[in-house]
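Reading through the C-alpha cells given below for one structure.
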Amino acid sequence: MSEAPHSLTAPHKLEYTYKRSTGPILGRFFGGLRDGRILGVRRPDGRVLVPPKEYDPDTGVALSELVEVAPTGTVVSWAWVAQPREKQPVGRPFAYALVKLDGADTPLLHAVDSGGDAKKLRSGLRVRARFAAERTGTLRDIEAFEPAEGAKAEAGWPRALAQKDLPEPLEILKVPVKLDYLYSAGQAATRFLRAIAEGRLLGQRCPVDGKVYFPTRGACPEHGVPTEGEPVDVKDRGTIVSYSIVRVPSENLAVELPFAAITVLLDGADSTFTHVLSEAKLEDVHMGMRVQAVWLPREQWTTSMRNIKFFKPSGEPDAPFESYEAHL
Amino acid sequence: MRDVAVVSFAQSRHVRREPDRNEVEILMPVVREARERSGLGRGEIDFVCSGSTDYLAGQSFAFVAGLDAVGAWPPICESHVEMDGAWALYEAWVKIQTGYADSALVYGFGKASMGDLPEVLALQLDPYVLTPLWPDAVSLAALQARLCLEGGVVSEGAMAEAAVRDRRNAKDNPFAQVKGDFEAAKLLGEPFHVAPLRKHDCAPISDGAAAVVIAAGDVARRVCKRPAWITGFTHIAEPQDLGVRDLTRSRSTEIAAEKAGVGKGPVDVAELSAPFTHQELLVERALGLGGATKVNPSGGALAANPIMAVGLVRVGEAARRVQDGSARRAVAHATSGPCLQQNLVCVLEG
C-alpha cells in the first residue's frame with residue numbers, strides 16, 4: 001500500500017432558509033412580537049406558558065386561550081457567553097438566560113445584553129425586553145433583554161385578550177440556516193484527486209473478487225472491505241451503459257441544455273459513473289456507444305473531477321451488449 | 001422476551017480531529033473488528049442498524065456512505081436512526097425481539113471536526129422558538145448547571161471531582177482522548193469557559209466510531225464464551241422546551257432506570273454518557289447508583305465524546321467488562337438532545 005497522503009480539504013457551506021407554517025398559536029405569538037407584544041397561552045390549571053404551545057405538555061389537551069404577558073421579567077438562570085458566535089443575538093459578550101416574564105409561569109430562553117459586563121448578571125435580575133425598531137415576526141424581534149433594576153413586577157399580568165385585541169397571525173416563519181464546514185476528502189479520494197491533477201484516472205481493486213472501482217472510494221461497497229492495494233489506472237475512454245436527455249435547467253450547470261447525461265463504463269473499470277456527453281447529436285446517443293474524455297487544457301488541471309470537461313463519441317464501433325450487460 | 005446479548009464491540013481511537021481519514025475510513029476498520037470478534041460471518045448477520053447525523057457533514061443522506069464500510073450487495077436488511085448508535089442498538093434489539101432477526105451489527109459514527117459542533121447542535125432544537133436564537137449546546141448546559149448549582153443539587157467541587165475521576169480512569173483506556181491525573185482545586189482555578197462551566201466540565205469534541213454485534217440466545221452462546229446478556233433496555237424522552245422541564249434532575253433517566261430494572265441487583269460497573277460534569281452527577285443520582293458501583297471505568301463521555309457513537313461506546317464498554325468477568329452486572333447510559341432531554345438505560349449481565 002502506498003503511503004497515506006494527507007487529506008485534501010475543501011470548505012463547504014450549507015445555506016438555506018426554512019419556511020415553516022406557524023399554526024394558530026405560534027402564528028399569533030409571532031404576530032404579537034411583530035407588534036412589540038409577548039403572548040402566552042393559558043393551561044387548564046390556569047398557569048401560563050411562554051412561548052405558547054398548541055398542546056399542554058403534561059396532558060396533551062389542545063390550548064387556545066392566548067394572553068399577553070409583560071415585557072419585563074426575572075432571570076431564572078444565565079450562561080455567560082464570553083465569545084459570541086456570529087449568528088447569536090448579541091455581538092458582544094452576553095448571557096443566554098431563562099427569563100420568567102411577569103405574568104408567565106414558565107421561563108423563555110433569550111439573550112440578556114448587559115453591555116458586555118458579566119458582573120451585572122445574577123439570578124433574580126430584573127430585565128426588560130428591547131424590541132428591534134423593524135420587526136418581522138420572530139423571536140429576533142426582541143434584540144435582547146436588558147437589566148432593568150427598577151422595573152417592579154406590575155400587577156395586571158397576564159392580560160386577557162379579546163378577539164379584537166389578538167395580533168394578526170404570521171403565517172410563515174422564515175428560519176435562515178447557514179453552517180460552515182471544512183471537508184476532508186479522506187485517503188482514497190485524496191489519492192484519486194491528486195492523480196487526476198496529473199491527468200491519471202485511478203481505480204481501486206477489491207481484494208475479494210478483483211473488481212476495479214472507479215472513482216476510488218477506499219472501500220468495496222459490495223464486500224465492505226478496504227481497497228488497500230495499489231491503485232490501478234483506468235482508461236479515459238469507455239462505453240455508454242445508459243443515458244438520459246436533460247432538458248430541465250438546474251443550478252451550477254456547466255453545459256447548455258439540452259444535453260445527454262451518460263453512465264459510462266470506463267475501460268479497465270468494473271463500476272460505472274455519470275458524466276456529460278457533448279459534441280454529439282442527441283438523437284445519435286445510444287447504449288453501447290463508445291466515448292472518450294475531453295480534458296481541460298493541461299495548465300487548467302486541478303485536484304478536481306472537472307478536469308474532464310465532458311465525453312464525446314470516440315468513433316469506435318459499438319461495444320457488444322455482453323460487455324456491459326452486467327452494469328444495467 | 002428473547003434472550004439477546006452483546007457478543008462483540010470495537011471502537012476507534014477518539015481524537016479531536018482526524019486529519020487524514022473520512023468517516024467511512026474511520027468506520028471501516030471498526031466494523032471489521034467488531035464483525036471478526038463476533039465470530040459471525042458476513043452472511044450470518046441478519047440486520048444492520050446505524051446511528052449518525054447528517055448535519056455533522058452538512059449533507060443530506062450522508063449516512064448512506066457508511067454502508068460502504070459494511071458492504072451492501074447483495075442487498076442487506078438495514079436501517080438508520082438520526083440518533084446516537086445506542087438508539088440504533090435499541091432498534092436492533094427490538095428487531096431481534098420480533099423474531100425477524102437473530103443477530104445484528106450496530107454502528108455509530110461522527111466526524112464532528114468538520115463543523116462547529118456546539119452550533120450544529122442548535123439544529124436539534126425547536127425550530128420556531130429556539131434555533132433562531134442559535135443557543136449552542138454548551139450555553140444550554142451552562143443554564144442547567146447554574147440551576148443545579150444555585151439549587152444546591154451539585155457543587156463546583158463535585159463537578160470538578162467528576163472530571164478528575166473520569167480523566168484518571170481514562171488513563172487505562174487507549175481509545176480515550178482526555179486523560180491524566182488532575183487536581184480538583186487546580187481545575188477550579190481555571191477561568192470560566194461559558195460560566196458557570198469551565199473547560200473541564202465539558203466533554204471534548206471527538207471524531208470517532210464504534211460498532212457492536214448482538215445476537216439472540218443460541219447464536220450468542222455459540223459464538224461467545226461469556227455473552228453480556230441485555231436484561232433491561234429502555235429509553236425515555238422529556239419535552240423539548242427547557243421551560244417546562246425540571247432541569248435539576250433527570251426524570252427520564254429515573255423512569256428508564258426503573259423500567260430497565262437497574263435497582264433489581266447490585267451494579268458493579270456503570271458507563272455514563274453525560275457530556276457535562278453536572279449532568280454526570282444528575283445521571284448518577286437518577287440511576288440510584290451506590291458507592292459499590294465503579295462509575296465510568298473507561299472515562300465516560302468526559303474522556304472521549306465521539307458524537308453519535310459515544311452512547312454506543314458506553315454499552316460496548318459495559319459489555320466488555322461483563323464479558324471479561326470483571327463485572328457481573330453493568331449499566332450503560334446514553335443521552336440525546338439538550339440538557340439530558342432523552343435518556344437510554346441498558347442493563348447487561350453475565
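General observations
- Anisotropy class of region A:242-328 from Cα gyration tensor, a/c 1.5 cut: oblate
- Residue by residue, region A:185-199 carries 3J(HN,Hα) couplings of 5, x, 5, 5, 5, 5, 4, 4, 6, 5, 5, 5, 5, 9, x Hz when phi is fed to the Karplus relation 6.51 cos²θ - 1.76 cosθ + 1.60 (θ = phi - 60°); x denotes Gly or Pro.
- For region B:249-350, a/c is not less than 1.5, where a ≥ b ≥ c are the root eigenvalues of the C-alpha gyration tensor, and a/b does not top b/c. That puts it in the oblate class.
- When the GluC sites (Glu not before Pro) in region A:60-140 are filtered for DSSP coil states and for at most 11 other beta-carbon atoms within 10 Å of their beta-carbon, the remaining sites are A:86, A:134.
- Cα coordinate range in chain A, projected on the principal axes (Å, largest first): 89, 45, 40
- Full-stretch length increase - residue A:254, residue A:180 - with 0.36 nm per residue and alpha-carbon distance subtracted: 24.2 nm
- The calculated FRET efficiency for the pair residue A:326 and residue A:119, based on their C-beta separation and a Förster distance of 60 Å, comes to about 0.25.
- For chain B, the 222 nm mean residue ellipticity estimated from helices alone, with every DSSP H stretch of n ≥ 4 adding -39500 (n - 2.57) and the total spread over all residues, rounds to -9000 deg cm²/dmol.
- Here each label is just a point 7 Å from Cα along the line to Cβ, and for residue A:171 and residue B:123 those points are 2.8 nm apart.
- Size check on the protein assembly as shown: the Cα extents along the three principal axes, sorted descending, read 90, 63, 47 Å.
- Most mobile listed residue (B:30, B:129, B:313) in chain B, GNM with C-alpha springs under 10 Å: B:129
- If you take the Cα centroid of region B:46-97 and the Cα centroid of region A:260-328, the two points sit 34 Å apart.
- Tilt relative to chain A, helix A:23-35 - C-alpha long axis, 0 to 90 degrees, to 10: 70
- The charge dipole of region A:79-229, taken about its Cα centre with unit charges on the Cβ atoms of Lys, Arg (+1), Asp and Glu (-1) only, comes to about 380 debye.
- Inter-label distance, nm, simple model (7 Å from Cα along the C-beta direction), residue B:20/residue A:244: 3.8
- Judged by the ratio a/c of the largest to the smallest principal axis of the C-alpha gyration tensor, region A:144-298 counts as prolate, that ratio being 1.5 or greater while a/b is larger than b/c.
- Footprinting exposure proxy for B:49, A:206 (fewest neighbouring C-beta atoms within 10 Å first): A:206, B:49
- Among B:191, B:266, B:75: highest mean-square fluctuation, GNM of chain B, C-alpha pairs under 10 Å: B:75
- Extents of region A:280-326, largest first, come to 37, 25, 16 Å (Cα atoms, principal axes, whole angstrom).
- Region A:255-328: GluC sites (Glu not before Pro) in DSSP coil with no more than 12 other Cβ atoms inside 10 Å: A:256, A:279
- Of the chymotrypsin sites (Phe, Trp or Tyr not before Pro) in region B:1-100, those whose Cβ has at most 16 other Cβ within 10 Å and which sit in DSSP loop: B:61, B:100
- Cut-off 13 Å between beta-carbons: net charge of the residues surrounding residue B:170, Lys and Arg +1, Asp and Glu -1: +1
Laboratory data are not the source of any read-out in this text; all were calculated from the coordinates shown. The structure displayed is predicted, hence computed values, not measured ones. Because the Cβ atoms are built from the backbone with ideal geometry, glycine has one as well, and the counts that use them run over all protein chains shown.
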